[in-house]
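This report refers to the structure that appears directly beneath it.
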Amino acid sequence: MKTWLQENKGFFLFIFLLGIFRTAVADWNPIPSGSMRPNLLEGDVVFVNRLAYDIKLPLTDVVLAHLNDPKRGDIVTFTSPADGKRLIKRLIALPGDRVEMRNKQLFINGKRAEYELQTLTTETLSQGNSLPAVRVSEKVAGKQRVIQWLPDLHRATDFAPMVVPADSFLMLGDNRDNSVDSRYIGLVPRNVLIGRAERILVSAAILDDWSLRTDRIGQSLY
């Protein structure tokens, strides 16, 4: 056994250093659900920059140094404050923002987001059912993206006005009626942020035939 360990020490050192790299510098994150549709699809694997915001002690949430402040519109990976699961959502509201959602529409600091219809389509749920989907552009404080509403899902998505406290953020999925986000798990503290998702590394149609979606490979998220 000792001889075997000696002969393979280089391999074990590589695995150890790879683990440190993934927990401190850069990582990849598979997308398991449709909560970020239409911008991220099930089967996408995204590159996550772990140094986008903070330097952390590897394998922990202990912040050693702040590098940059998270920005509105960032797609962020973080540890859920509710159950410890790893999630990926869009950062909507910053510390000090007064935010509310009324009739599916966001209001930040008293100003309603701008909405414009993009397309009508259908959304296939994990149970195999299909629902009408409405895709609209949403512009908030100069940041614009396409989001999705599922009118027939009949889920309560609105929330009353709140002020985001210091070192916390409000996160929402782009698939607004089908996302477990800050409306359910609460605001997200800065110390549980993992990093900023920046690019799609690879993508496969995991809900269909597992074919490679070559048009999505290398696609920037901003």
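None of the figures in this text is laboratory data; all of them are computed from the coordinates on show. As the structure is a computational prediction, the values presented were derived from the model and not from experiment. Cβ: placed from backbone, ideal geometry, glycine included. Neighbour counts: every protein chain shown.
For the reader, a short list of remarks on this structure follows.
- With K and R counted +1 and D and E -1, the other residues having a Cβ less than 12 Å from that of D158 yield a net charge of +3.
- Residue exposure sequence - K143, K85 - by fewest surrounding Cβ within 10 Å: K85, K143
- Counted charge near N191, where neighbours are those whose Cβ lies closer than 9 Å (Asp, Glu -1; Lys, Arg +1): -1
- R0 of 45 Å, Cβ-Cβ distance V63-S130: FRET efficiency to nearest 0.05: 0.55
- If you sort the three axes of the alpha carbon gyration tensor as a ≥ b ≥ c, you get a/c of 1.5 or more for the chain and a/b no higher than b/c, which makes it oblate.
- A cut-off under 10 angstrom between Cβ atoms defines the neighbours of Y53, and their net charge, with Lys, Arg +1 and Asp, Glu -1, is +2.
- Rounded Å value of the spacing that divides the Cα centres of the stretch 111-126 and the stretch 155-212: 16
- Stretchable slack from W210 to N103, in nm (0.36 nm times residue separation minus alpha-carbon distance): 34.8 nm
- Candidate aspartates and glutamates for bridging to K56, where Cα separation is under 20 Å - those fewer than 8 sequence places away on the same chain excluded: D27, D69, D74, D167, E198
- Ordering of 58-65, 75-82 by burial proxy (mean other Cβ atoms within 10 Å per residue, highest first): 75-82, 58-65
- Projected area, mean over directions - the stretch 134-222, Cα convex hull, nm²: 8.0
- 0 to 90° range, to nearest 10: angle between helix 9-24 axis and the chain longest Cα axis: 20
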